[in-house]
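Notes follow the structure.
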Amino acid sequence: MEVERVAKDTKKKNRLIIRTIVLLLLASAVIYTIASKDKVKVLEVGDKAPDFELVDLEGNKQRLSDYKGEGVFLNFWGTWCAPCKKEMPYMENQHKAFEEKGVRILAVNIQESDLKVKAFRDQYGLTFPIAIDKDKSVLEAYNVIPLPTTFLIDKDGKIKQIITREMSEEEIISHMESIQP
């Protein structure tokens, strides 16, 4: 009888210890998550767009700062993204119409292979610059979560608007007009 009671008490103590450890681990994870979120600045309308340098599919360096004085339609996308596939032809149509008006499209693919991105570009007949963010550094600098996400950047390098969804061609036209210098 005494052995049975001691065994029950030991089991209770062990459960209490395990529960305490699990609770401490969960609390540590929550604190770490909250603390690390403070380190990532969430960009807002009016902020200066972070400069970056990526290489496009033709091997040219694409720096946001090279577009100073022009409006930039900065689009983050993936080949697997259905909304991205729908808006890319609209972007191509407007690229041709707005390039002469001082508005540039720069498309940033997220971590896909050159071969896959080139095949996508060729399938859709895209002629605007497409760069691949191989290490997600630009994605992280812009704190992009859903794809597609588009940043409208004015001639002074300030973010005018952030769009986190698929756009119609009419919306793309309106957005490009809004950043036209």
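The values are calculated or read from the model by the stated rules, or taken from the named source; none is laboratory data. None of the values given here were measured: they were computed from a predicted structure. Positions of Cβ are backbone-derived with ideal geometry, glycine not excepted, and every protein chain shown enters the neighbour counts.
Tabulated results
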{"quantity": "Residue satisfying all of: in segment 119-143; under 28 Å from K48 (Cβ atoms) and assigned to a helix (DSSP H, G or I); nearest to the chain's Cα centre (by Cα) among these", "calculated": "L139"}
{"quantity": "Some residue of segment 40-47 being surrounded by 10 or more Cβ atoms within 10 Å (Cβ to Cβ), farther than 19 Å from M176 by Cα and modelled with pLDDT under 85", "calculated": "yes"}
{"quantity": "Test: E100 is over 23 Å from P146 (Cβ atoms), more than 18 Å from the chain's Cα centre (by Cα) and among the acidic types (D, E)", "calculated": "yes"}
{"quantity": "Residue under evaluation I145, criteria (1) among the aliphatic types (A, V, I, L, M); (2) touching a residue at least 24 places away in the same chain (Cβ under 8 Å); (3) more than 17 Å from E92 (Cβ to Cβ), criterion not met", "calculated": "(2)"}
{"quantity": "Residue identified as surrounded by fewer than 19 Cβ atoms within 10 Å (Cβ to Cβ) and more than 24 Å from K68 (Cβ to Cβ) among D114, D156", "calculated": "D114"}
{"quantity": "Residue list for segment 36-92, restricted to those being more than 18 Å from I110 (Cα to Cα), touching a residue at least 24 places away in the same chain (Cβ under 8 Å), out of contact with any helix residue (DSSP H, G or I) (no Cβ under 8 Å at 6 or more places or on another chain) and part of a loop (DSSP other than H, G, I, E, B)", "calculated": "K41, V42, L43, E44, V45, G46, D47, K68, G69, E70"}
{"quantity": "Residue in segment 83-91 that is of a type in the set (A, V, I, L, M), touching a strand residue (DSSP E or B) at 6+ places or on another chain (Cβ under 9 Å) and over 18 Å from L43 (Cα atoms) present", "calculated": "yes"}
{"quantity": "Residue list for segment 100-118, restricted to those being in contact (Cβ under 8 Å) with a residue 12 or more places away in the chain, outside any loop (DSSP other than H, G, I, E, B) and more than 15 Å from V55 (Cα to Cα)", "calculated": "K101, V103, R104, K116"}
